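Report on the structure given below.
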Amino acid sequence: MITEKISPNDLNKKTQYHRSNFDITETSDESLIELIVQRRDENAFNEILRRYRDKIFITAFKITNNHNDAEDILQEVSLKLYRKANTFRMDSKFSTWLYRLMANESISRLRRLKRRKAVSLDDYMPKFDEEGKYTERPVIDWSHEVEKKVSDREISKIIESAIEELPPTDRAVVVLSDMEELTNPEIGKAVGLSVPAVKARLHRARLFLRKKLAVKLGYSSG
């Protein structure tokens, strides 16, 4: 956890900074957080927001698919960043900690709003009979034919609509993995899940999205 102690060297650097001889844009995220914790420094806070404001908003929008929600989430994360900066631990990347604030706020908002009833992903898992055989025909590999039938824009719309049907945590996991390209350990820290749990949720969600896309493209009856 961030220490409250300031060494003489750090104090000297901070004094230089306040004399405008210190380029805050070249300061590390961790040093900016220390300035926020120890001095409630508004310039440091504004610099952190400058670096991450767009990323917070865009990722929140991908999860919620709603501009107003993303704006509200950005405001809430900004407030929590300022108020809870002292809870950031140096044993992980600052961006991972920030993703946790954003993901938690996004998931909480989705749970409160409940715009659409979330599907049960178990319904989209492969089903087997007592002999271990598929009880329904598995989805065939149609990915190489997609370009012939539908544009990338149309595919994106289908996937966006399908993602909205996922439970809140699964939505966050899919966005952080497939759109933000976070690693499974990073996703786990962001949403409070173990790595095996992240893998399981990703597997189920991708099966669901694949099936929904297949139905829209006429490769499955649903």
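Here, each number is a calculation from the coordinates, and none is a lab measurement. Keep in mind the model is a prediction, meaning the values are calculated, not measured. Don't worry about glycine lacking a Cβ; one is built from the backbone with ideal geometry, like all the others, and counts go over all protein chains shown.
Calculate one ³J(HN,Hα) per residue across region 165-177 by plugging θ = phi - 60° into the Karplus curve 6.51 cos²θ - 1.76 cosθ + 1.60, and present them in order as whole Hz with x for glycine and proline.
Going residue by residue, I get 7, 6, x, x, 5, 5, 4, 4, 4, 5, 4, 5, 7 Hz, with x marking Gly and Pro.
Residue-wise, which Karplus ³J(HN,Hα) couplings in Hz belong to region 197-203, taking 6.51 cos²θ - 1.76 cosθ + 1.60, θ = phi - 60°, and x for glycine or proline?
Using θ = phi - 60°, the values come out as 5, 4, 4, 5, 5, 5, 4 Hz.
Using modelled backbone amide H atoms (1.01 Å from N, in-plane), which distant-in-sequence or interchain residues come within less than 5 Å of ASP41's amide H?
It is ILE36, by chain and number.
Give me VAL191, VAL215 sorted ascending by neighbouring Cβ count inside 10 Å, so fewest comes first.
VAL215, VAL191
Given axes a ≥ b ≥ c from the Cα gyration tensor, I'd like to know whether region 8-113 is rounded (a/c under 1.5), prolate (a/b larger than b/c) or oblate.
Judged from the Cα gyration tensor, region 8-113 comes out prolate (a/c at least 1.5, a/b above b/c).
Please state the charge dipole magnitude for region 8-113, taken about the Cα centre, from unit charges on C-beta atoms (+1 on K and R, -1 on D and E), reported in debye and rounded to the nearest 20.
Details: 19 positive and 16 negative charges, 62 e Å.
My answer is approximately 300 debye.
Fewest to most neighbouring Cβ within 10 Å: what's the order for ILE107, ILE58, ILE63?
On the way: ILE107 21, ILE58 14, ILE63 30.
The fewest-first ordering by Cβ neighbours comes to ILE58, ILE107, ILE63.
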